[in-house]
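Let me begin by presenting the structure, written as structure tokens, before commenting on it.
Read the figures in this text as sums done on the coordinates, not as results from a lab. As the structure is a computational prediction, the values presented were derived from the model and not from experiment. Cβ placement follows ideal geometry from the backbone for every residue including glycine, while neighbour counts extend to all protein chains displayed.
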Amino acid sequence: MSLTILGTNKENPEFQISILNAGKEDICLNLGGMLANGKVLEPNNIWLTITDSSGRQTKLRFFDRKFAAVGGRVDDYVVPLRSGSNYTLDLQLDDFISANTWKNANLKPGRYEVSFHFEGKGAETMNADMGGVKLMNFWKGKLNSNDAVLYE
């Protein structure tokens with residue numbers, strides 16, 4: 001898992017996260033949830049950690065304000081990855097909120113280090129018409145990106 005900081009938007013930095021299947025077998029990743037039959041993808045199994053200059057860490061989770069409440073179907077966000085292939089996501093700081101306070105990071109000027117984390121899981125939503133999803137070859141484990149320096 002690798003992290004690149006994109007652009008120079010200091011108010012809402014952009015990140016590119018890339019997950020590489022470095023193994024010999026093809027796998028599937030469960031990145032989170034899909035809404036509206038795949039029209040909305042929410043990578044809730046990806047987390048962001050921000051470390052300030054004093055060493056204090058803040059863990060943030062993906063959160064799409066447009067879909068804060070779900071009144072319908074949720075499916076697993078399944079990404080198949082052939083051996084040697086990559087999946088890349090472009091995300092912004094505002095896509096994440098504190099897991100404790102439910103607020104954005106609102107970074108003050110200063111130096112920060114950021115890193116992303118992914119926890120691979122099997123199928124979780126198990127809708128009646130999606131029984132075969134649980135049989136897929138899901139990669140399970142934890143990944144951590146490189147640390148990147150973010151100046152605010």
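Couple of notes before you dig in:
- When all alpha carbon pairs of segment 2-151 are counted in 5 Å bins from zero, the resulting P(r) reads 2, 9, 17, 21, 19, 15, 10, 5, 2, 0 %.
- Cut-off 15 Å, label 7 Å out along Cα→Cβ of R73, residues of segment 120-138 by amide N: 125-133
- Value of relative contact order over segment 16-56, rounded to a whole percent, pairs C-alpha under 8 Å and six or more apart: 25 percent
- Simple spin-label estimate for K134 and K39 in nanometres, 7 Å along Cα-Cβ: 2.9 nm
- Among V149, V133, V74, sorting on how many other beta-carbon atoms sit within 10 Å of each Cβ, with the fewest leading, yields V149, V74, V133.
- Reduced Cα scattering model of segment 28-102, Debye log10 I(q)/I(0), q = 0.11, 0.12, 0.25 Å⁻¹: -0.35, -0.41, -1.22
- Calculated over segment 88-152: convex hull of Cα atoms, volume per residue (Å³): 141 Å³
- Cross-link partners of K108 among lysines (Cα-Cα below 28 Å; sequence separation of 8 or more within a chain): K10, K59, K66
- Based on Cα contacts under 8 Å between residues 6+ apart, segment 2-151 shows a relative contact order of 30 percent.
- With a cut-off of 15 Å on the backbone N, the residues of segment 96-110 near the modelled label site 7 Å out from S53 along Cα-Cβ are 107-110.
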